[in-house]
Amino acid sequence: MAADGKLSIYRASRSIKRKENSLYNALRSIYEDSIFVGEISELWPDLPLLANLRCGLWYSPNFESTCYFKSTDGHCNNWSFNTSRLNLHVAHLAGQKGGCIIVDSTRRGKRFPDSMSKTIPIWTCVLNRALRNYSRKMCENENIWRMETELDTNVAANTQLVSLDWDCSLHLPLWISKTERASIEDRLEQWTKQLEASGADVGSLALSLKKPLRPLWISQKTVIWLNEVPDCDSWDFTPIILVSASSSSSIFQQRTTSEFSWHYISGAGDDEESWARGLTPNLFWKHVYDLINSGPDVCNQKVADIVEKDRVYRSQRGQSAPQVTVKPRKLPVSNGHTDNEDKFLTSNSHISDEDSSLYSEISNRNTHVESFGESHAIYWLGSTNLAVGGTSQLAADVPNFDCILNCDNEWISTFLQDGELYLHLPMMTSKLDRFSLLNNLPSAVHFAKLNLRKGKTLLVCCHTGEDISICVCLAILTTLFDDRGTFDDGKSFNETCITKLEMRRRLVFLCKYAINARPSRGNLKQVFSFLNKGRVDSVL
């Protein structure tokens, strides 16, 4: 009996937790927090609004771009400056617009995620140091040139790209301890050298930024006097305004409207696979008022209908439209067994809402982006004839590619009639198969080589266009192009030993164009293994 009582209490607490974390509670919490985000963005309407992927993307329908700063890069004793995620487009955008606003969120009990309290401050400081070093080097070279040519000292008065008092100090929020600050400061010089060695285009960044970058933090507890909001031009720095969307209260909050009672979830946009049931931020904002006004009882069915209608619509347009899969989860067994013996549900068949948890011709290829959907894009990688993107929004009649390499698990219908111009190589992420990418790279590089040597344009795509396709393009760029991005049919690759630094430089070149790139560490390891184990001998 005692065991039954404990089990009942456990199951009751689990049931309460499931109700607190329901789909309606998550969507309603996101909507309420988005009002705060909108209010902050209206204080500086000229500054672009950016979402820190993936959680931040839920909190506004008006994002101009996205970025990817990981909290793990700011965890205590795990601080890092990752050259795989330089986010240089954020710095360029801030320089052009005078600053930017980045939105993210975090779970209950914290005001800011570590991505905002440490990762981004480290990023701004390292970039500022690299810009100062670049400016000093350019000034030294200019002085030597003027001395050798005996020109007037006033010839290049504007040569210096950044001022002598360029702020390179580390700006952290006040709650970061002095010990942690000192540990981070000890690593700044090393990170700056890593950035300079990565091949990042610091020169173009120096032309964009007239003032040093500096983070500012705003949460729902921040007090702002509306009649004293400063104009960005009045600051002696380029502001990176970090907005933590959610309330940081550790107290459980139940809120009530005239129609519904619901539970507030801090950081509700996090871990969307566990609660969104196939809903995306784009779909949510298209149907936001319908979903919010539907109430807790019918919200699940509303979401299911919206997701299915969107899938059918994309399927009719020839876009990738896979069935929404069910995320495996434990379900209680009604035969008296304990939860340790619960069975797993992994079927793709229909499950009730209460029990399921679904989860023009190119004018300038150096910078041009072909958008084929509202949240996805195709990026041309400079003048390489290579493009990378996602299949989830790729229409069947896209005319701008001579051939397509599809790395998604789903087959896509294309306008290409010749079978030699379309290759489907299904690849899985490193979490599901540690060797999927490695085993398929020889075929992928061979296909790219045959078409690129004929001057054809090649699109490499996976489902999101952010990970697998990025890694495949990285392998193609490294094996078939020289370090200037010129196709040489593998000549330079055969004469060079590819180090991690060299591969990182190629990745920086790629990310300069594909700003949404988020290659996983496991997949990058497979690319490096491919480049150093003779896997390409048979295709070159």
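Each value in this text was obtained by applying a stated rule to the coordinates, not by laboratory testing. Computed from a predicted model, the values in this text were never measured in an experiment. Positions of Cβ are generated from backbone atoms using ideal geometry, with glycine treated the same way; all protein chains shown enter the neighbour counts.
Things worth noting here:
- Per-peptide average of other Cβ atoms within 10 Å, ordering 293-301, 56-64 highest first: 56-64, 293-301
- Thr429, Thr222 arranged by Cβ crowding within 10 Å, fewest neighbours leading: Thr222, Thr429
- Low-density loop cleavage sites - GluC sites (Glu not before Pro) in the range 459-517, where at most 11 other Cβ are within 10 Å (DSSP): Glu495
- Per-residue Cβ neighbour rank within 10 angstrom, fewest leading, Phe530, Phe260, Phe487: Phe260, Phe487, Phe530
- Counting only DSSP beta bridges with both residues in the range 369-532, the antiparallel share comes to about 35 percent.
- Checked against a 27 Å cut-off, the cross-linked pairs Lys97/Lys525; Lys70/Lys491; Lys118/Lys210; Lys491/Lys533 give Cα-Cα distances beyond that limit for Lys97/Lys525; Lys70/Lys491.
- For the range 33-244: rounded, prolate or oblate by the Cα gyration tensor [a/c cutoff 1.5]: prolate
- Inter-label distance for Cys497 and Arg107, nm, one decimal - labels placed 7 Å from Cα along Cα-to-Cβ: 4.5 nm
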